[in-house]
Amino acid sequence: MKSCYIVIEGLEGAGKTTAIKTVAETLTNVGITEIDFTREPGGTPLAEKLRKLIKCGIAEEKVTDKAELLMLYAARIQLIEYVIKPALAKGRTVIGDRHDLSSQAYQGGGREFSAELMQVLSNTILDNFRPDITLYLDIEPALGLQRARDRGKLDRIEKESLDFFKRTRQRYLELASEDNTIITINANQLIEEVQKNIHQALSNWLAAQGK
Ligand code: Z5A
């Protein structure tokens, strides 16, 4: 059976952690049990160091938006080359907590880097490597942030303004509407309802792939 790369995306508090469990259960139900999990940024020794810098910064120096963008792509290509591609080559399925769509939405939308720059960066660095399917959990930014805040301390990016997250969501929605490999799930609902919709959407996609 061909391996596949499935990515979960969304603003903080959208419920990606629960969604990943639902995706893994849905795969197991159809006999796909060789599964690896990734999260971005991170997942290799270098990418984990970059994760810390991206999320926490350093005391002595402000992280510029451009440095943040380049660190995210540096972490991503390390993860692709050393973890994701080798796993797929062994026939394993990979479930990713975030991937390039996060950069398109947070840095392209939230930080307002141009769509042209984001496309060039993605094409040049990632060399057209893409997920087979992305489940985008769409949530009202205020609700997602409230859930994230209820959980405790906020990182550097989570401290951004509500407008930043509104722009990020807007870009997610635009990109999802243009790409039929991105399935949008309404994550404003009760967690059980979100799980049901994820299971249904993924089952339909798997059936269409003959799995
Ligand atoms: N970032 C970026 O800017 N550009 C990029 O290219 C990449 C990332 C790859 C990664 O931090 C940060 O980097 C992230 C984006 C940025 N920062 N921001 N802002 P992370 O990995 O630490 O954080 P995260 O990816 O945003 O994960 P998260 O905050 O843990 O979000 P989540 O996984 O979606 O949330 P959750 O843990 O599943 O749910 C949060 C809480 O809500 C939890 O208590 C749940 O029980 C609850 N929940 C979830 N769903 C529901 C429903 N439906 N009802 C009620 N309660 C719910």
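The values are calculated or read from the model by the stated rules, or taken from the named source; none is laboratory data. Fair warning: this is a prediction, and the values are worked out from it, not measured in the lab. Here the Cβ positions follow ideal geometry from the backbone for every residue, glycine too, while neighbour counts run over all protein chains shown.
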Flag for TYR136 being in a helix (DSSP H, G or I), touching a Phe, Trp or Tyr at 6+ places or on another chain (Cβ under 8 Å) and of a type outside the set (A, V, I, L, M): no
Residue in the stretch 177-193 that is within 16 Å of the chain's Cα centre (by Cα), assigned to a loop (DSSP other than H, G, I, E, B) and small (Gly, Ala, Ser) present: yes
Qualifying positions in the stretch 24-77 - of a type in the set (Asp, Glu), surrounded by fewer than 17 Cβ atoms within 10 Å (Cβ to Cβ) and within 12 Å of the ligand (Cβ to nearest atom): GLU48, ASP65
The stretch 46-63 residues that are closer than 17 Å to LEU79 by Cα, paired with ones that are of a type in the set (Lys, Arg) and at pLDDT 95 or above (beta carbon under 7 Å, 6 or more apart): none
Yes/no for ASN123 being modelled with pLDDT under 95 and not small (Gly, Ala, Ser): no
Per-region count, the stretch 109-155, residues basic (Lys, Arg), surrounded by 12 or more Cβ atoms within 10 Å (Cβ to Cβ) and out of contact with any strand residue (DSSP E or B) (no Cβ under 9 Å at 6 or more places or on another chain): 3
Residue that is modelled with the highest pLDDT [pool: residues in the stretch 151-166 that are within 9 Å of the ligand (Cβ to nearest atom) and not hydrophobic (A, V, I, L, M, F, W, C)]: GLU160
Residue match in the stretch 89-111 (condition: without any contact (Cβ under 8 Å) to a residue 12 or more places away in the chain and under 18 Å from the mean Cα position of the chain (by Cα)): no
Among the residues listed as LEU137, LEU126, LEU190, LEU173, the single one being out of contact with any Ser or Thr (no Cβ under 6 Å at 6 or more places or on another chain), free of Cβ contacts under 8 Å to residues at least 24 places away in the same chain and not aromatic (Phe, Trp, Tyr): LEU190
Set ALA148, ALA208, ALA176: member being more than 10 Å from the ligand (Cβ to nearest atom), out of contact with any Phe, Trp or Tyr (no Cβ under 8 Å at 6 or more places or on another chain) and hydrophobic (A, V, I, L, M, F, W, C): ALA208
